[in-house]
Amino acid sequence: MLFLAVVSCLLYCTVGAEMSGALNDVWEFTESYLLTVWQNRVYVYTTAAVLIAVCFTVNMLFKKKKMVDAVSPLLDKSVKNQKRSPEAEKVIHVSGVKVFYGSQTGTGKGFAKELAGDVSAQGIQCEVIDMKEYDPEDRLAEECTSKMICVFLVATYTDGQPTESAAWFCKWLEEASTDFRYGKTYLKGMRYAVFGLGNSVYVGHYNTVSKNIDKWLWMLSAARIMTRGEGDCNVVKSRHGSVQADFQAWKTKFLNRLQALAKGEKKACSGKCKSASCKNKKKHKEEPEDSQSHAEKNNSEEELMESSSDAESSSSKEEKSHGSVIDVEDLGNVMNRMKKAKRMEGDEEDSQRVKLSKQNGVRKSESEEERREMITPALRDALTKQGYKLIGSHSGVKLCRWTKSMLRGRGGCYKHTFYGIESHRCMETTPSLACANKCVFCWRHHTNPVGTEWRWKMDPAEKIIQEAVENHKNMIRQFRGVPGVRPERFEEGLTVKHCALSLVGEPIMYPEINSFLRLLHQQNISSFLVTNAQFPEEIRSLVPITQLYVSVDASTKDSLKKIDRPLFKDFWQRFLDSLRALGEKQQRTVYRLTLVKAWNVDELKAYADLIALGQPDFIEVKGVTYCGESSASSLTMANVPWHEEVIYFVQQLANLLPDYEIACEHEHSNCLLLAHHKFKVDGEWWTWIDYERFQELIQEYEESGGTKIFSAMDYMAKTPIWAIFGARERGFDPSDTRFQRKNKTKDISGC
C-alpha cells in the first residue's frame, strides 16, 4: 500500500506538470482567437443572419411540397368524377319514379298508369302503387335515401275527404306531420310532386286532399320538385276544359322536370316554396324581350300549376316552424299581387255568372261564344253510349223502358197507374243535363255534369223541343215491325202527349224553363217536372204545369247530406224553402220519397213534419232501385227494400198524416201513392188527370195574362179500380199482359 501511494504521487507530479503547461498554451490560443472574433464581430453577425434565412426558406419549401402531395389525390378523384358517363350520372340523380294513386271512380288510377307508361318510355324505372296497399309507417322513410321521385295522384271525395283507398295514408301522414316523435325532418331527402283531382263546384272542399298531402309532406321536410297541379272536373272552371286536359298539361311539365333532374341539372325551383309557387329570376333575365307571345304562353301554363294551398298560406305557425319569413321590402309587392289576383278572380266570376230570372230573362254579361258548352266531347261519348240523344249543348232525350214496354202491351209505368199517363206517348227529356246533387242512388252513375248555377252556352227553347220531339219519334219508328209491338200503340206513340222532365239533371236550372213549358203546352203536351229542392226561387217563379214534383230523399239534414250529397253549402235551408214554395202552388204537387234501407226508413216523424210544411197533393213512396255497382256509390242490393217493407213504411207514415191515405199501388215499380183526402170524392179516388181539361185551363190562363187561376181540383179524373191500393191487379193495367223476364239483365233507364 505504501508502495502504491509513492508511485501515485510521483505520477501526479509528473503529469500535472505536463498538463499545466498544456493548459497555458490553450488559454493563450483561445484568448488570441476570441480577440480576433471580437474585432471582426460584424462579419460574424452577417454570416449568421444569412445562414438562418437560408434555413427558413428551405423549411418553407419542404412544407409546401407536402401540402401539394396531399391534395393531388383529391384532385385526381374529382377529375375522374367529371369524366363519368351520362348513364352513371342518371342513376345517381334519379333512380326511378313511384306513382301513388288514390281513386274512387278510377280516373286517378288511369292517370297513374298513363304517367307510368310515359316515364318508362324515357328509360326511367316506374312503379304504380295503390295507396291502400302501401304502409307509409313502414316504408315512406325509405324514399328519403332511395333517390326515387314520388308522385301522388289523389282525388277529393265527399266533404273534402280522401277516397277510401287513400284514407289510411292521409290519416297517417297528417298525424306524423304534427307528431314530435317523428320530427320536422323525418322525410328530409324525399322528393315529390302532387296532382289533385277535384271539382270546383264544391267551393269549400275543392282539391282539399291534394292540398293537405302537399302540406303534410312539406311539414316533414320533403322537397317539391314542382308546384302542385289541380285537375278540375267542372268544365266551366277547368283551365283546359276538362280534368283530362288539366292532367295532360301537368304531365308534360312533370316529364320535362324529370328529364332535367335525371341529367343532374340545377333545379329551377328549390322545392321549398311556401305556397307552391316560385320565381326564377335568372330564367326571366335570360328570356328575350321580343318573345312576348312565347312568354305569355309559358305564363299561362305556369298558372295552371300554381297552387293556392289555403292551409299553407293561412298557417303562419307552420311557416315559422321552418324559419321562413317575408322580407319587409317585398311585403308591398306581395300585397299588391294578392289584391290583383282577388280582383281578377272577382271579375272572372262576374263575367261568367248568368243569373236565373223569374221572367225567364238571362242577364248576359258576356257573349254566348265566350261561354263553354255543357256537353264536353268525353261527356258526349259517355252519354251517347248510354242511349241518350243529345240536343244542342246541354239537353237530351232518351226512350224510357216503360215506353218500350207499353208499345208491346206489357204494361206502363207507375205514372200510368197513379195519374193515367199513356207511357207509350210519353217523352222523357231534360233541357239541362246538369244537376246540383250527386245522389248515391243516381241511375246515371254521375256521368252528367254538376253545378249550382247556369254558366254554359244556352240553346233556345224552341230548338230543344223541336229536336227532342223529332229524336223521340225517330226512336219510336225503330219499333216498326218489332214482334209484339201493337200497331195502334205504335201509331199513337208517334204523337207525343206527355213530357216527363225527369230524365237526368235539374231541368229547373235552365234559364228559359218557363218558355220551354209554355211551348210544351202550346203543342198540347202535358208537363211533369221533377226538381231536387235546391232552387226555391225558381220554384216560386215557375208557370203553372200539369204536375210539379219535389224529391224528398231524406227528412233530416244529416241524412239528406249523406244521400243527396248536395253542392250548396246552405242545402238544408234551400231544401226547406223549396218545400214552402211548393206549398204556394195552386196546381198538382207531389213529394217523391225514395226509401233506402238502413239509411232513411226510420225517419217517419221527421217525414211527417216535412209533409206538413209543403202540404203536397200527393206523396209517392218508392223503394230505391239498385243500378249496379258504381265507384261513386256505396249502395248494394241490401239497401233495396222489399215491396212489403215499403207498404209497411207507408202505412206507418199514413198513421201520422190525418189528411192523407194510401190511394194507389204499383207493385212492379215497388211504389205506393199517398193522396190528400180532397181527391177522394164520395168514397172514390180521383188521382188521375183530365189532360184535355188541363190544356183548356192553361190556355185560358195564358190568354188572360195569368189572371185566371185554376187549381188541381179543376182537372182531376177518376182513378180506375185496378189502380187502387188493395186491388188484386196491384197496379197492373189488365188491358196489358204481364211479362216476366228470366235472367233479367240490368236496365238503368226509368223516369
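The values are calculated or read from the model by the stated rules, or taken from the named source; none is laboratory data. In this text, all values refer to a predicted model and were calculated from it rather than measured experimentally. Because the Cβ atoms are built from the backbone with ideal geometry, glycine has one as well, and the counts that use them run over all protein chains shown. Note: areas computed on protein heavy atoms with side chains; ligands, DNA, RNA excluded. Shrake-Rupley method; radii C 1.70, N 1.55, O 1.52, S 1.80 Å.
For region 164-247, what ratio Rg/Rh do Cα atoms give with a Kirkwood hydrodynamic radius?
Numbers: Rg = 14.3 Å, Rh = 13.8 Å.
Checking Rg against Rh, the ratio lands at 1.04.
Compute the FRET efficiency between Lys680 and Arg738 as 1/(1 + (r/R0)^6), taking r as their Cβ-Cβ distance and R0 = 30 Å, and round to the nearest 0.05.
Details: r = 28 Å, r/R0 = 0.94.
With R0 = 30 Å, the Cβ-Cβ based efficiency is 0.60.
Find how much the distance from Thr556 to Ile709 grows on full extension, using 0.36 nm per residue of separation minus their present alpha carbon separation; answer in nm with one decimal.
Values: separation 153, 0.36 × 153 = 55.08 nm, distance 3.44 nm.
Computed gain between Thr556 and Ile709 is 51.6 nm.
Measuring between alpha carbons in the structure, the pairs from Lys605/Lys680; Lys147/Lys237; Lys132/Lys263 lying more than 28 angstrom apart are Lys147/Lys237; Lys132/Lys263.
Counted residue by residue at 0.36 nm each, then reduced by the alpha carbon distance between them, the extension gain from Ser146 to Lys385 reaches 81.5 nm.
At what distance in angstrom do the alpha carbon centres of region 482-522 and region 183-216 lie from each other? So the separation of the two Cα centres works out to 47 Å.
Residue pairs exceeding 30 angstrom between C-alpha atoms, taken from Lys389/Lys497; Lys389/Lys438; Lys171/Lys562; Lys415/Lys678; Lys389/Lys678: Lys389/Lys678.
Applying 0.36 nm per residue to the separation of Gln522 and Val37 and subtracting their alpha-carbon distance, the gain on full extension is 160.3 nm. Label positions at Leu61 and Asp135, each projected 7 Å from the Cα along the C-beta direction, are separated by 7.0 nm. Note on exposure: Trp168, Trp216 ranked by accessible area (1.4 Å probe, complete protein assembly) read Trp168, Trp216, with the most exposed listed first.
State whether region 414-557 is rounded, prolate or oblate according to the following rule on the C-alpha gyration tensor (a ≥ b ≥ c being the square roots of its eigenvalues): a/c under 1.5 gives rounded; otherwise a/b larger than b/c gives prolate, and the remaining case gives oblate. Here region 414-557 falls in the prolate category.
Going highest first, how would you order 577-587, 681-691 by mean Cβ packing within 10 Å? All intermediate terms of the calculation are to be shown ahead of the outcome.
Values: 577-587: 18.9, 681-691: 16.2.
The most tightly packed comes first, giving 577-587, 681-691.
FRET efficiency for the pair Ala612 and Glu491, taken as 1/(1 + (r/R0)^6) with r the Cβ-Cβ distance and R0 = 56 Å, rounds to 0.75. Spin-label model, Arg540/Lys718: points 7 Å from Cα along the beta carbon direction are separated by 4.1 nm. Hey, which of these cross-link pairs are over 22 Å Cα-Cα: Lys98/Lys251; Lys404/Lys473; Lys98/Lys188; Lys109/Lys557; Lys251/Lys385; Lys211/Lys557? Over 22 Å Cα-Cα: Lys109/Lys557; Lys251/Lys385; Lys211/Lys557.
Residue ranges 227-239, 560-572, 535-547, 32-44 sort as 227-239, 535-547, 560-572, 32-44 when ordered by packing (mean number of other C-beta atoms within 10 Å per residue, highest first).
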